[in-house]
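Input: a single structure, listed below in structure tokens.
The values are calculated or read from the model by the stated rules, or taken from the named source; none is laboratory data. Not measured: the values here are computed from a predicted model. For neighbour counting, all protein chains shown are included, and Cβ atoms are generated from backbone atoms with ideal geometry for every residue, glycine included. Accessible surface is based on the protein model in full, side chains and every heavy atom, while ligands, DNA and RNA are left aside. Shrake-Rupley method; radii C 1.70, N 1.55, O 1.52, S 1.80 Å.
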Amino acid sequence: NVRSAFSFGLGAHASVHGRAYLLIGGFSTIRESAHWVMERLVPEGDLDTPGADDSVPGTLSISGWVLDADGITSVEATIDERTVVPLTYGATRTDVCATRPGFPACDGVGFTGSMDATELPGGPDCGHLLEIDATDAAGNRRTIARRRFFVDAGTDH
């Protein structure tokens with residue numbers, strides 16, 4: 001018998017995203033397994049900007065969202081596995097929380113940041129790898145997005 005822990009309404013053509021785990025047995029049998037799973041759930045999220053293979057001007061703007069049942073302690077971007085850019089976490093994202101209800105600190109699950117992209121080589125033959133990593137309060141860390149982008153050829157040096 002599964003009952004909702006919270007109530008919510010859905011509009012026409014709406015969807016709800018979530019994670020599901022099947023643990024079979026009585027609670028006394030699965031208690032340790034359930035506890036183990038819950039302690040190790042990693043953050044989930046997505047990168048909104050830049051888009052895949054975008055060509056960015058002098059400033060690389062980064063934005064997206066991430067959430068976790070334990071709460072998020074940090075979000076950072078890594079460029080080409082070298083340059084680390086700390087991102088600001090806590091921007092309002094009601095769109096995310098509408099489809100993923102029940103997470104702590106919703107609606108403040110957005111992240112933003114930027115860096116001077118002119119420090120990177122530019123041009124159409126010089127792609128860069130952007131990775132977004134999030135860490136939750138339990139210490140679980142996950143790369144939530146990887147994306148290639150280019151620096152406008154006008155900023156090539």
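Of note:
- Only one of the numbered conditions (1) over 18 Å from Arg141 (Cβ atoms); (2) in a loop (DSSP other than H, G, I, E, B) is violated by Glu81, and that is (1).
- Of the residues making up the range 106-117, at least one is part of a helix (DSSP H, G or I), on the phi < 0 side of the Ramachandran plot and surrounded by 13 or more Cβ atoms within 10 Å (Cβ to Cβ).
- Boolean, Ala52 is under 23 Å from Gly110 (Cβ atoms), part of a loop (DSSP other than H, G, I, E, B), under 16 Å from the mean Cα position of the chain (by Cα) and modelled with pLDDT of 85 or more: yes
- Residues within the range 119-148 that are within 19 Å of Gly64 (Cβ to Cβ), outside any loop (DSSP other than H, G, I, E, B) and either in contact (Cβ under 8 Å) with a residue 60 or more places away in the chain or open to solvent by less than 70 Å² (accessible area, probe 1.4 Å) (or both), tallied: 16
- Search result, residues across the range 15-27 that are of a type in the set (A, V, I, L, M) and at pLDDT below 65: Val16
- Flag for Asp95 being free of Cβ contacts under 8 Å to residues at least 12 places away in the same chain, closer than 29 Å to Phe149 by Cα and either part of a helix (DSSP H, G or I) or open to solvent by 40 Å² or more (accessible area, probe 1.4 Å) (or both): yes
- Total residues in the range 64-92 satisfying the condition of being touching a residue at least 12 places away in the same chain (Cβ under 8 Å) and either surrounded by fewer than 20 Cβ atoms within 10 Å (Cβ to Cβ) or of a type in the set (Gly, Ala, Ser) (or both): the figure is 19.
- Scope the range 115-129; condition under 13 Å from Asp80 (Cα atoms) and in contact with a helix residue (DSSP H, G or I) (Cβ under 6 Å, 6 or more places away or on another chain); matching residues: none
- Looking only at the range 120-152, and only at residues there that are out of contact with any strand residue (DSSP E or B) (no Cβ under 8 Å at 6 or more places or on another chain) and of a type outside the set (A, V, I, L, M, F, W, C), the one that is modelled with the lowest pLDDT: Asp125
- Extreme residue, modelled with the highest pLDDT, among residues of the range 28-49 that are closer than 30 Å to Glu119 by Cβ and open to solvent by less than 50 Å² (accessible area, probe 1.4 Å): Leu47
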